[in-house]
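Below: one structure, written as structure tokens.
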Amino acid sequence: MSPDDDSPVARDQPLIPPIHPASVYRMPSPQAADQRLGQPGSGYVYARDGHPNADLLAEAVARAHGAERGLVCSSGMAALATLVLGQLVQGDHLVASRDLYGRTLAMIHEELPRLGITATIVDTQDLAAVSEALRPTTRMLLVETISNPRLRVADLPALAQRAAHTGAVLVVDNTLAGPAVCRPLQHGAHYVLESLTKIINGHSDATLGFLGGAAEGFDRLVRAWSTWGFTPSPWDCWLTQRGLATLEVRTLRACSTAQQVATFLDQHPAVARVDYPGLPHHPDRPISQQLLANPPGTMVSFVLQAPEAEGWGAAERFIAAVSDWIPFCPSLGDVTTTLSHPASTSHRGLRPEERARLGIPDQMIRLSLGVEDPAIILQALRHGLNAV
Ligand SMILES: *Cc1c(COP(=O)(O)O)cnc(C)c1O
């Protein structure tokens, strides 16, 4: 098609962005090819080095986070890998929260040591322990805004201040919050990570990640992204752009339901404990009021009332009783309310004593609230608790 083509295909502008599955672009001339290849951002050549759907989505998520630059990666883990492989060298040290996502801890324990990158794992709610763990070689402090499944809220401004003492950057995985609940870059984080697979896409049909931060040094990350091959699929970017369009309204609705559900569970005799930062007894209530939207998030965890030895059975009965309304899915952030059972999924690798120490018994359930009528969810929970 020539540029002056007046056909409707060339002329009429669709409301939504087209999908660009092309893996390669026609070069008008050797001079144009030379220019595009020599100057990143000057035009598309080969999809692994960048394509329109990735750029459009990266811009939109960067805007949602107030980030100067953003990059969409093939998964949340690829976003973390882009940052780590793009910035760290042999001999570097990390300080990381003990409550990180399982695969993030696996990266730290199983992959990074082979590259000569070491880490100290601490309880990042304990600021003195964080200060103690920081070394002159510490390059990154890695935390999650809201941890899984206890839903502890990281004190981002205080952590940023501690990290600055040794020149480390604060990296925040914001997956359990999403930009409608928290924008970590506004609270001292240097980089924000999101698994777009979860809340931002919101429809459980794409796997993607996001990395956002300041413009300075970002070209290095884009280079690592392309070289290691963390570029996302155009189809997944397109779907996630559609999901992002409703992020704000989905989050508002799910947060409101989460607060109602947490309050309901907190008063129910069949529930031993509820973790939700919007409850007055939550240990991080003050910092959550400073950093998070109100109500503070779409996730609610709770522990069924059951003798310790019978916890697994109680969880089985509850999960079976609610399954027609609330499916057991070990992920989060869907438009449908889902539940997870940490003891058999995210935390199955821990010994029972270790889980008990972290407050994650066999009868703990984690809810990810969706956008349904809250009355239906409350009814399902009532039914499930009666069955325990
Ligand atoms: C799911 C998840 C990730 C990893 O994201 P993927 O898209 O599955 O690679 C990272 N951190 C948190 C907190 C997550 O929940």
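The values are calculated or read from the model by the stated rules, or taken from the named source; none is laboratory data. Given the structure is predicted, the values throughout are model-derived calculations rather than measurements. Don't worry about glycine lacking a Cβ; one is built from the backbone with ideal geometry, like all the others, and counts go over all protein chains shown. Areas reflect the complete protein model, heavy atoms only, side chains present, ligands, DNA and RNA absent. Shrake-Rupley method; radii C 1.70, N 1.55, O 1.52, S 1.80 Å.
Check V72 against each of (1) in contact with a Pro (Cβ under 7 Å, 6 or more places away or on another chain); (2) not in a strand (DSSP E or B) and name the one condition it does not meet. V72 satisfies every listed condition except (2).
Identification of strands (runs of 3 or more DSSP E) wholly contained in region 133-233 with 2 or more residues that are closer than 25 Å to H20 by Cβ and in contact with an Asp or Glu (Cβ under 7 Å, 6 or more places away or on another chain) yields 209-213. Each residue in region 155-176 was checked for being touching a helix residue (DSSP H, G or I) at 6+ places or on another chain (Cβ under 8 Å) and open to solvent by less than 20 Å² (accessible area, probe 1.4 Å), and 9 pass.
Of everything in region 85-111 that is within 13 Å of the ligand (Cβ to nearest atom), outside any strand (DSSP E or B) and touching a strand residue (DSSP E or B) at 6+ places or on another chain (Cβ under 9 Å), the residue that is farthest from T145 (Cα to Cα) is I108. Please determine whether any residue of region 244-265 is within 16 Å of the ligand (Cβ to nearest atom), over 20 Å from F302 (Cα atoms) and touching a Leu at 6+ places or on another chain (Cβ under 8 Å). So far as region 244-265 goes, yes, one or more of its residues are within 16 Å of the ligand (Cβ to nearest atom), over 20 Å from F302 (Cα atoms) and touching a Leu at 6+ places or on another chain (Cβ under 8 Å). Scanning region 329-383 for residues that are modelled with pLDDT under 95, assigned to a helix (DSSP H, G or I) and within 16 Å of the ligand (Cβ to nearest atom) turns up nothing. Inspect region 284-295 for any residue being over 26 Å from Q379 (Cα atoms), open to solvent by 40 Å² or more (accessible area, probe 1.4 Å) and either assigned to a loop (DSSP other than H, G, I, E, B) or of a type in the set (D, E) (or both) and give the result as yes or no. No: zero hits.
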